[in-house]
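*Asks:* Let me give you the structure first, and then I'll get to my questions.
The values are calculated or read from the model by the stated rules, or taken from the named source; none is laboratory data. The shown structure was predicted, so the numbers you read here are calculated from the model rather than taken from an experiment. Cβ placement follows ideal geometry from the backbone for every residue including glycine, while neighbour counts extend to all protein chains displayed. SASA here: full protein model, heavy atoms, side chains in, ligands and nucleic acids out. Shrake-Rupley method; radii C 1.70, N 1.55, O 1.52, S 1.80 Å.
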Amino acid sequence: MGNKFNRSALRELNVGDYAFMPKKMPHFGWAKTECIIQVHGIGPFQIIPASVEEHLSGWKNTPDGWVRDPNAGSFFKFRIADRVRSGRGEGTIVQGMHSEQSKFTQYRVQTSKGEAFFEPEEELTAVSQASGPDSGPLTGSWDGVLHGFQGDAPCAFYFHHSRQELTGVFSLQWGGATLTSATFRNNVLEIHMETPLGNFLFSGKLNQETLSGEWSTDTGLKGTWETKKALEPATDR
C-alpha cells in the first residue's frame, strides 16, 4: 500500500492468491510478465493514478485524466521501436512508463515470438539496428488518429523500412504492439497484428506525407485511420 513505488514492500501473488483493500486506498504493484488481474467489488470502478505518470507515447496519465505532453519522452533513455536486451531476453520496446515521484522507469518489451515482459530501465541495454541509404519512405514515426476505437484514439506507427522488409510498432497512448507482418507495394500498405485485443488488419495508401485507410479486427470491430509523418526531434541519447 502507499502512493510511492517501493520494491522492497512488494509481496508475491501467485495464481489464485488475492489482496483486499478498501476503496480509494493508494496501492502499487509490478508484474515481471504480462498477466491478468481479476477485480471484484461494487462499482463504479476507476483506476486513478496517485501521481503523474509520463508515457513514452508522448502522453502523461494524471489524477485528472490523460494529457498530451510532447516532453514526456525526455524522461526515457530508449524510444518506441528500439531493440533492447536484458537478462530475460531480447526484443522491441512497445511501451514505456516513468514516475518521477517514485523515480521509476520501466518498459514493455515484445520478443520476435510475440511474448512480452516488463523491465526497469537499468536492466536494459541497446541492440544495434541496421540502417543505411536503402531506407524506404515509411521509415520514421507517423502520428494520427484511430477512428472507431473507443471513439477517436490518438495513435502512431513507428516503421523500420528497407528494401528487404517492413517492421515496426503500433502505439496507442497507453500501450502498443509490434507488427506481426507488413507489406508495402505500389504505395499500398497492409499490416497484420496479433494482440490481446484481437487480430488487427490495417490497409491503407501513402499520399505524399500522409498514410490513411481502414482497419478491422477478427472480433468484429472496424473503422478508419489516418496518420502524418512526424518530424524527428533532435535528442541527446
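*Asks:* Hey, any hits in the stretch 156-163 for a residue that's outside any loop (DSSP other than H, G, I, E, B) and basic (Lys, Arg)?
*Replies:* No, that holds for no residue.
*Asks:* Please work out which residue is modelled with the lowest pLDDT, limiting yourself to the stretch 201-219 and to residues that are among the acidic types (Asp, Glu) and either more than 28 Å from residue 67 (Cβ to Cβ) or surrounded by 14 or more Cβ atoms within 10 Å (Cβ to Cβ) (or both).
*Replies:* 218
*Asks:* To continue, here is another question. Would you please name the residue that is nearest to residue 109 (Cα to Cα), looking only at residues in the stretch 27-39 that are open to solvent by 100 Å² or more (accessible area, probe 1.4 Å) and in contact (Cβ under 8 Å) with a residue 24 or more places away in the chain?
*Replies:* Once the filter is applied, the top-ranked residue is 32.
*Asks:* Could I ask something else about it? Could you list, ordered by first residue, the pairs with Cβ atoms under 6 Å in which the first is in the stretch 161-185 and under 30 Å from residue 69 (Cα atoms) and the second is of a type in the set (Val, Ile, Thr) and in a loop (DSSP other than H, G, I, E, B), at least 6 apart or interchain?
*Replies:* As it stands, the answer is 161/139; 169/80; 171/80, since those pairs meet every condition given.
*Asks:* I would also like to ask the following. Provide a single number: the residues in the stretch 50-66 that are assigned to a strand (DSSP E or B), touching a helix residue (DSSP H, G or I) at 6+ places or on another chain (Cβ under 8 Å), in contact (Cβ under 8 Å) with a residue 24 or more places away in the chain and of a type outside the set (Phe, Trp, Tyr).
*Replies:* Count: 2.
*Asks:* Scan the stretch 67-109 residue by residue and report those that are aliphatic (A, V, I, L, M), in a strand (DSSP E or B) and open to solvent by 10 Å² or more (accessible area, probe 1.4 Å).
*Replies:* Within the stretch 67-109, 67, 97 qualify.
*Asks:* If you take the residues in the stretch 5-20 that are in a loop (DSSP other than H, G, I, E, B) and either hydroxyl-bearing (Ser, Thr, Tyr) or in contact with a Ser or Thr (Cβ under 7 Å, 6 or more places away or on another chain) (or both), which one is surrounded by the most Cβ atoms within 10 Å (Cβ to Cβ)?
*Replies:* 5
*Asks:* Additional query: Quick check: is even one residue across the stretch 124-138 among the hydrophobic types (A, V, I, L, M, F, W, C) and not in a loop (DSSP other than H, G, I, E, B)?
*Replies:* The answer is yes, given that some residue of the stretch 124-138 is among the hydrophobic types (A, V, I, L, M, F, W, C) and not in a loop (DSSP other than H, G, I, E, B).
*Asks:* Let me ask you something else. Return yes when residue 24 is in a strand (DSSP E or B), of a type in the set (Lys, Arg), open to solvent by 20 Å² or more (accessible area, probe 1.4 Å) and over 27 Å from residue 127 (Cβ atoms) and no when it is not.
*Replies:* Considered against the rule, which asks whether it is in a strand (DSSP E or B), of a type in the set (Lys, Arg), open to solvent by 20 Å² or more (accessible area, probe 1.4 Å) and over 27 Å from residue 127 (Cβ atoms), residue 24 comes out as no.
*Asks:* From the list 198, 223, pick out the single residue that is modelled with pLDDT of 95 or more and either farther than 15 Å from residue 159 by Cα or touching a Ser or Thr at 6+ places or on another chain (Cβ under 9 Å) (or both).
*Replies:* Result of the check over 198, 223: 223.
*Asks:* Any residue in the stretch 209-223 that is touching a residue at least 12 places away in the same chain (Cβ under 8 Å) and under 11 Å from residue 144 (Cβ atoms) sitting within a Cβ distance under 6 Å of a residue that is of a type outside the set (Gly, Ala, Ser) and open to solvent by 50 Å² or more (accessible area, probe 1.4 Å)? List the pairs, counting only those 6 or more apart or interchain.
*Replies:* Cβ pairs passing all conditions: 210/228; 212/226.
*Asks:* While we're here: Inside the stretch 166-186, can you point out the residues that are part of a loop (DSSP other than H, G, I, E, B) and either surrounded by 12 or more Cβ atoms within 10 Å (Cβ to Cβ) or of a type in the set (Phe, Trp, Tyr) (or both)?
*Replies:* Correct list: 173, 174, 179, 180.
*Asks:* If you check every pair at least six apart or on different chains, which have Cβ atoms under 8 Å apart with a residue in the stretch 112-134 that is open to solvent by 70 Å² or more (accessible area, probe 1.4 Å) first and a residue that is at pLDDT 95 or above and aromatic (Phe, Trp, Tyr) second?
*Replies:* Here the result reads 126/78, each pair linking the stretch 112-134 to a residue that is at pLDDT 95 or above and aromatic (Phe, Trp, Tyr).
*Asks:* Ok, one more. If you scan the stretch 146-155, which residues turn out to be in contact with a strand residue (DSSP E or B) (Cβ under 7 Å, 6 or more places away or on another chain) and assigned to a loop (DSSP other than H, G, I, E, B)?
*Replies:* Those that are in contact with a strand residue (DSSP E or B) (Cβ under 7 Å, 6 or more places away or on another chain) and assigned to a loop (DSSP other than H, G, I, E, B): 148, 149.
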